[in-house]
1. Compute the Cα gyration tensor for segment 186-322, then decide on rounded, prolate or oblate, letting a ≥ b ≥ c be the square roots of its eigenvalues: rounded whenever a/c is under 1.5, prolate when a/b is larger than b/c in the other cases, and oblate in all that remain.
2. Long-range amide H contacts for T88: which residues qualify at under 5 Å (H placed 1.01 Å from N, peptide plane, sequence gap of 5 or more or a different chain)?
3. Given a 1.4 angstrom probe, I'd like the percentage of the accessible area of the chain that is carbon and sulfur, rounded to a whole number.
4. Springs between alpha-carbon pairs under 10 angstrom, Gaussian network model over the chain: which of A249, A158, A37 fluctuates most?
5. Tell me which residues come under 5 Å, amide H to amide H, from E53 once H is placed; ignore anything under 5 positions away on its chain.
6. Kindly provide the helix-only [θ] at 222 nm of the chain, computed as the sum of -39,500 (n - 2.57) over DSSP H runs of four or more divided by all residues, to the nearest 500 deg cm²/dmol?
7. Per residue, how much accessible area does the chain have with a 1.4 Å probe, in Å²?
8. For the chain, modelled as a GNM with alpha-carbon contacts under 10 angstrom, which of Q252, Q226, Q286 fluctuates the most?
Amino acid sequence: MVAVKAHQAQAFLNAPDPKIRAVLFFGSDVGLVSERAQMLAKAAAQRSDPPGEMIRLDDADLDNDPDRLAVELNTVPMFGGPKIIRTTQSRRVTAALLKPLVEGGVREGVLIVEGGNLKPDDTLRTLFEKSPVAAAIACYADAAQDLEGLVRDILREANVTISSDARHALVERLGADRALSRGEIEKLVLYVGPGGAIDVAEVEAIVGDVSELALERITNAAAAGQAAKAVAECGRAVSAGESPQAIIAATQRHFQRLHRVRAALDRGSSLEDVLRQMRPPLHFKQKDAFAAQCRLWSAPRLDDALARIASAAKAGRLAGALETALSERLMMGLAMMVSGRGDARR
């Protein structure tokens, strides 16, 4: 039985147990789930000589050949190393499909599954947690120390230095999704170039640019109940090249901040005090709009909103062709919740 907590994940990945043949990565941080799955796949492939072969299987592969997952995992390779199979929880990749492989033991290859934000009693999660040859690894939003480590590793590889103030400013702007955080740091490295130096000016110029402002327009419109504007801004951002998943992730971060502030207000704190203590701090131009949104949303309604956002993120990962439609429908639904028309808890 291996249930790896979020703070234990890196240690597990640094020295994976060779007896573990099937691993499930799950949690709210989609980027971190994908990054850790890729990290483990590479490590597992390099563990043998010759190296193992990494294969990605999805619903389309299994629609044509339902038994392919089991065949690939249990076939003895003639020339290369064992098969490292990566897949994602989906319409076909379910606990029922994986149960014979996990409980019976993967004999030859290694199975790596990427899941969503699974509850403790989810059948897929319990399947991996209870098997002696499997593990379930939690992946949640990075804490400050995790982000510090991510910044340090990427900058060291590029031989880039950063001042203490700039590091603090950078970490404050990261989080919520590992892939987005990594992208922002790599964009900063590209700006200063290999061997360059980063100061606060570079962080302010590069991290949180026009793309971030476009995302803010979408989330602010949705949180303010402006349905038409939210959908229009969402469509405009996608047309300009923004990822629908990035829009959903930004919306999740915004509503998580609203939820934290609303909880503090319900405990008796004043709005002015809560806004002043927010980290990262609100830009002064955003303060009035954010304060107005806090007054519009109750804690139960924010709970529903966050559940709706998580469902949209999962649906988008499972049906990439529908990501744009799902993100626009999400913005419409959130905006309608302000008036109660889209709220399940009336």
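1. Numbers: a/c = 1.97, a/b = 1.19, b/c = 1.65.
Note, shape of segment 186-322 comes out oblate.
2. Distant-sequence amide H within range of T88: E114.
3. Within the chain, the accessible surface is 53 percent carbon and sulfur.
4. A158
5. Residues meeting the amide H criterion: G81, K83, I84.
6. -18000 deg cm²/dmol
7. 50 Å²
8. Q286
The values are calculated or read from the model by the stated rules, or taken from the named source; none is laboratory data. Values in this document were obtained by computation on a predicted structure and should not be read as measured data. Just so you know, the surface numbers come from the protein's heavy atoms only, side chains and all, with ligands and any DNA or RNA stripped out. Shrake-Rupley method; radii C 1.70, N 1.55, O 1.52, S 1.80 Å.
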